[in-house]
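Asker: Once you've had a glance at the structure underneath, I'll fire off some questions.
The values are calculated or read from the model by the stated rules, or taken from the named source; none is laboratory data. Bear in mind that the values here come from a model prediction, so they are computed numbers and not experimental data. With ideal geometry, Cβ positions are generated from the backbone for all residues, glycine too; neighbour counts draw on all protein chains shown.
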Amino acid sequence: MTSIAGLLERLFTESLVAIMGEDGRGVDPLIRPATDVRFGDYQSNIAMSLAKRLGAKPRDLAQKIIDHLPADAQRVCEPFEIAGPGFINIRLAPAWMAEQLNLVPGASPGTLDRLGIEKVAAPKRVVVDYSGPNIAKQMHVGHLRSSIIGDTIARVLDFEGHQVIRQNHIGDWGTQFGMLCAYLKEKMPAALDQPDQVHLSDLEAFYREASARDKDDADFHERARAEVVALHNKNESTLRAWRYIVDESRRHYLPVYRRLGVLLTQEDERGESFYADRLPQVVGDFEQAGVITAPPGLFPGGAVLRVEVSQGALVIFFENAAGEPLFKSPEGKPLPMIIRKSDGAFLYATTDLAALQFRIKELGAERVIYVTDARQAQHFEMVFTAARAAGWTVQSEGTASSEVQLDHVTFGTILGEDRRPLKTRSGENVKLADLLDEAVRRAEALVRATEADPDKRRGFSDEEIRDVAEAVGIGAVKYADLSQNRQSDYVFSWDRMLALEGNTAPYLMYAYARIRSIYRKGAETQEGELNATQAPIQLTEPAERALGRQILRFAETIESVAAGLRINLLTDYLYELAGLFMKFYEHCPVLRAETPELKASRLRLCDLTARTLQVGLGLLGIRTLERM
């Protein structure tokens with residue numbers, strides 16, 4: 001399956017080169033899906049964009065572009081049309097679309113179904129940093145977005161063929177661990193000798209109790225401070241206490257990942273503790289440099305880093321070449337990044353600098369993606385600016401050099417019905433495990449209600465009901481989040497996310513199960529199975545053509561998601577695909593098609609639609625069901 005948009009861009013680029021010479025290769029042909037099917041499948045307004053530059057009338061230039069298209073364009077598209085001031089309307093040829101669909105190989109059991117989509121020609125090594133739970137605290141609803149958005153991005157880039165390195169930057173270091181280690185030694189000394197037999201049932205309660213003790217008991221506070229020193233000095237008993245707390249936290253959050261379908265494992269963890277020994281060197285390098293002038297061309301107006309002591313702390317001030325601050329406080333004053341406190345302690349910024357340096361220099365990342373909430377936007381902008389100015393992101397190979405791509409994927413907040421951040425009735429953060437339990441409970445209630453209706457009963461066993469409820473409940477929570485514009489806040493609604501209508505996971509999962517059921521019925525006989533897998537696809541009816549075009553757009557959708565890291569492009573695509581299938585099924589009889597050849601063709605369209613839905617939902621980390 002080829003990318004239609006990519007193919008059209010290549011064809012139009014060849015025409016522009018024929019008209020403009022090699023300058024034409026640097027021109028975006030501006031190929032976009034048509035907003036109204038009456039005007040075609042795709043449109044290009046490049047003629048209007050280029051007309052003034054080339055001293056031509058837009059409609060005349062549009063005709064010239066059409067005239068210089070390579071011969072392949074006539075096979076791929078129907079005759080081109082010029083509309084309005086110079087739009088070029090593009091309609092795909094049904095015969096070419098059918099040919100492309102017929103090239104899609106069948107699904108091989110036990111292997112990833114790629115639907116014939118080729119991997120990228122130049123794969124990159126990409127580090128994706130996401131989730132980042134804090135040790136000794138339960139994962140709460142605030143961890144949901146980072147975990148599932150980051151996981152989907154990693155899946156999509158991996159599907160494209162990039163070498164993806166997942167990194168879970170857990171909060172497992174800092175002064176609070178002195179408090180936690182001291183409290184563990186006092187209240188649960190057996191955990192140090194029998195870590196496999198003594199477990200914390202409630203991490204949150206343990207953390208709260210330790211915090212309260214640290215505030216109210218001066219003697220305990222001093223012991224906690226001594227434990228911080230012991231931890232940094234690698235005292236064995238303190239390290240045992242620290243390891244126990246970290247392991248207990250994993251015992252709580254790894255099952256949440258598995259339940260969510262998030263592909264993070266313990267091997268992906270590089271917590272703050274991993275970088276602790278690297279921090280003095282990172283800070284020392286900046287301190288020794290004093291003033292760092294960014295390599296030319298990296299920043300408009302240039303960038304200069306001034307590393308100096310301010311009120312006892314070591315800070316980095318960011319300026320442009322004219323000495324104006326790049327970052328300002330709300331009061332308009334220059335805003336520095338602190339990399340060492342006045343007491344010698346390091347901060348999150350220091351750790352993030354060390355982590356970024358490690359990922360570029362030692363992991364060999366060509367692209368680094370951070371998935372955190374929007375409140376950290378300025379923090380990462382500062383970290384990225386410091387890394388670029390210091391020259392970390394410039395990779396040289398022979399005489400060529402390239403810039404490591406740094407992306408901060410931000411997202412908004414999950415809101416309750418009151419449009420405030422989602423909380424429990426008591427005002428506490430909603431635990432993520434509790435949220436998932438509630439989702440599955442509600443999904444199971446819906447399934448059992450359906451099973452009680454004689455007209456809708458499907459004869460599920462209790463085990464099957466629980467399995468359906470688990471898949472639907474978890475899938476509903478994930479899809480409701482991933483289908484949003486990630487940069488926006490959204491209101492959490494059980495009724496909306498579990499609905500069997502609209503742009504929801506249950507709707508798409510039901511569509512998939514229904515299509516599979518249709519396909520199974522049509523392929524019951526040996527002759528049907530043979531036709532359904534080998535007979536050529538025909539696209540004669542408008543509904544067949546629309547469905548075939550949407551299936552073929554899957555490849556370019558994946559490209560767009562990977563390029564802009566906008567997951568809702570994929571959810572919108574899947575929703576439109578399911579809707580087009582329903583129209584196809586309504587207008588084009590499948591099981592009662594007029595001829596065996598037409599039946600087999602439509603069964604193949606059913607199969608390709610179901611497979612595309614399954615692959616697409618799989619990239620979202622959502623499991624499909626054969627029966628619902």
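Asker: Starting from the stretch 55-71, keep only residues that are in the same structural domain as Gly24 (by TED's automatic domain parsing), then list their pairs with residues that are in a helix (DSSP H, G or I) and of a type in the set (Ser, Thr, Tyr) whose Cβ atoms are within a distance under 8 Å, requiring at least 6 positions of separation or different chains.
Answerer: Between residues of the stretch 55-71 that are in the same structural domain as Gly24 (by TED's automatic domain parsing) and residues that are in a helix (DSSP H, G or I) and of a type in the set (Ser, Thr, Tyr), the close pairs are Ile65/Ser15; Ile66/Ser15; His68/Ser15; Leu69/Ser15; Pro70/Ser15.
Asker: Take Leu30 and decide whether it is at pLDDT 95 or above and under 30 Å from Val104 (Cα atoms).
Answerer: Considered against the rule, which asks whether it is at pLDDT 95 or above and under 30 Å from Val104 (Cα atoms), Leu30 comes out as yes.
Asker: Test each condition in (1) touching a Ser or Thr at 6+ places or on another chain (Cβ under 7 Å); (2) surrounded by 17 or more Cβ atoms within 10 Å (Cβ to Cβ) for Tyr42 and report the one that comes out false.
Answerer: (1)
Asker: Taking the residues in the stretch 458-478 that are of a type in the set (Lys, Arg) and over 13 Å from Leu625 (Cα atoms) as candidates, determine which candidate is modelled with the lowest pLDDT.
Answerer: In the first step, residues of the stretch 458-478 are kept if they are of a type in the set (Lys, Arg); the result is 458, 466, 478.
Remaining after also requiring over 13 Å from Leu625 (Cα atoms): 458, 478.
On the way: Arg458: 81, Lys478: 98.
My answer is Arg458.
Asker: Select, from Ile537, Ile551, Ile515, Ile558, the only residue that is part of a loop (DSSP other than H, G, I, E, B), out of contact with any His (no Cβ under 6 Å at 6 or more places or on another chain) and buried (at least 19 other Cβ atoms within 10 Å of the Cβ). If you could, list the steps in order and put the result at the bottom.
Answerer: Details: Ile551 fails: part of a loop (DSSP other than H, G, I, E, B); Ile515 fails: part of a loop (DSSP other than H, G, I, E, B); Ile558 fails: part of a loop (DSSP other than H, G, I, E, B).
Ile537 is the lone residue from the list that is part of a loop (DSSP other than H, G, I, E, B), out of contact with any His (no Cβ under 6 Å at 6 or more places or on another chain) and buried (at least 19 other Cβ atoms within 10 Å of the Cβ).
Asker: To continue, here is another question. Of all the residues that make up the stretch 184-197, how many are part of a helix (DSSP H, G or I) and either in contact (Cβ under 8 Å) with a residue 40 or more places away in the chain or small (Gly, Ala, Ser) (or both)?
Answerer: Going through the stretch 184-197 one residue at a time, the tally reaches 5.
Asker: Are any residues in the stretch 102-161 within 22 Å of Asn568 (Cα to Cα) and in a strand (DSSP E or B), and if so, which ones?
Answerer: Result: Val126, Val127, Val128, Asp129.
Asker: Same structure again: Among residues belonging to the stretch 569-599 that are surrounded by fewer than 19 Cβ atoms within 10 Å (Cβ to Cβ) and among the small types (Gly, Ala, Ser), point out the one that is nearest to Thr35 (Cα to Cα).
Answerer: Gly579
Asker: Going by what's in this entry, would Ile165 be described as surrounded by fewer than 20 Cβ atoms within 10 Å (Cβ to Cβ), under 29 Å from Leu112 (Cβ atoms) and among the hydrophobic types (A, V, I, L, M, F, W, C)?
Answerer: yes
Yes/no matrix, rows are residues, columns are (1) crowded, with 17+ Cβ neighbours inside 10 Å; (2) in contact (Cβ under 8 Å) with a residue 12 or more places away in the chain:
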site: Gln100; (1), (2): yes, yes
site: Pro105; (1), (2): no, no
site: Gly110; (1), (2): no, no
site: Asp113; (1), (2): yes, yes
site: Gly116; (1), (2): no, yes
site: Lys119; (1), (2): no, yes
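Asker: Report every pair of residues separated by at least 6 positions or lying on different chains whose Cβ atoms are under 6 Å apart, first residue within the stretch 144-156 and buried (at least 24 other Cβ atoms within 10 Å of the Cβ), second part of a helix (DSSP H, G or I) and basic (Lys, Arg).
Answerer: Correct list of pairs: Ile148/Lys478.
Asker: Just one of (1) over 30 Å from Ile149 (Cβ atoms); (2) buried (at least 18 other Cβ atoms within 10 Å of the Cβ); (3) aliphatic (A, V, I, L, M) trips up Leu200, so point out which.
Answerer: The number of the failed condition is (1).
Asker: Return the residues of the stretch 49-100 that are touching a Gly at 6+ places or on another chain (Cβ under 8 Å), of a type in the set (D, E, K, R) and closer than 23 Å to Leu605 by Cβ; say none if nothing qualifies.
Answerer: Once the filter is applied, which keeps residues that are touching a Gly at 6+ places or on another chain (Cβ under 8 Å), of a type in the set (D, E, K, R) and closer than 23 Å to Leu605 by Cβ, the stretch 49-100 yields only Arg91.
Asker: Of the residues Arg602, Arg566, which is among the charged types (D, E, K, R) and buried (at least 19 other Cβ atoms within 10 Å of the Cβ)?
Answerer: Selected residue: Arg602, the only one of Arg602, Arg566 that is among the charged types (D, E, K, R) and buried (at least 19 other Cβ atoms within 10 Å of the Cβ).
Asker: In addition: What residue, among those in the stretch 427-444 that are on the phi < 0 side of the Ramachandran plot and at pLDDT below 90, is surrounded by the fewest Cβ atoms within 10 Å (Cβ to Cβ)? Before you say what the answer is, go through the steps one by one.
Answerer: Of the stretch 427-444, the ones on the phi < 0 side of the Ramachandran plot are 428-444.
Now restrict to residues that are at pLDDT below 90: 428-429.
Values: Glu428: 10, Asn429: 17.
Here the answer is Glu428.
Asker: Would you point out which residue out of Ile153, Ile148 is closer than 21 Å to Arg553 by Cα and β-branched (Val, Ile, Thr)? Outline the logic, then answer.
Answerer: Numbers: Ile148 fails: closer than 21 Å to Arg553 by Cα.
From the options Ile153, Ile148, the qualifying one is Ile153.
Asker: Pull up the stretch 445-457, narrow it to residues that are assigned to a loop (DSSP other than H, G, I, E, B) and out of contact with any helix residue (DSSP H, G or I) (no Cβ under 7 Å at 6 or more places or on another chain), then point me to the one that is modelled with the lowest pLDDT.
Answerer: Ranking the candidates gives Asp455 first.
Asker: Inside the stretch 228-337, counting only helices (runs of 4 or more DSSP H) that do not spill past its ends, which hold 3 or more residues that are surrounded by fewer than 17 Cβ atoms within 10 Å (Cβ to Cβ) and of a type in the set (A, V, I, L, M)?
Answerer: none
Asker: Specify the residue that is modelled with the highest pLDDT; the eligible residues are those in the stretch 198-222 that are assigned to a loop (DSSP other than H, G, I, E, B) and in contact with a helix residue (DSSP H, G or I) (Cβ under 8 Å, 6 or more places away or on another chain). Give the steps one after another, and end with the answer.
Answerer: Keep residues of the stretch 198-222 that are assigned to a loop (DSSP other than H, G, I, E, B), which gives 198-202, 217.
Adding the requirement that they be in contact with a helix residue (DSSP H, G or I) (Cβ under 8 Å, 6 or more places away or on another chain) leaves 198-200.
Numbers: Val198: 81, His199: 88, Leu200: 84.
That would be His199.
Asker: Right, here's the next one. Of all residues in the stretch 383-424, count the ones that are under 18 Å from Ala289 (Cβ atoms) and in contact with a helix residue (DSSP H, G or I) (Cβ under 7 Å, 6 or more places away or on another chain).
Answerer: The total comes to 5.
One line per residue, one yes/no per condition, for (1) at positive phi; (2) of a type outside the set (D, E, K, R):
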{"position": "Arg145", "(1), (2)": "no, no"}
{"position": "Gly161", "(1), (2)": "yes, yes"}
{"position": "Ala182", "(1), (2)": "no, yes"}
{"position": "Leu200", "(1), (2)": "no, yes"}
{"position": "Ala212", "(1), (2)": "no, yes"}
{"position": "Asp219", "(1), (2)": "no, no"}
{"position": "Ala224", "(1), (2)": "no, yes"}
{"position": "Asn233", "(1), (2)": "no, yes"}
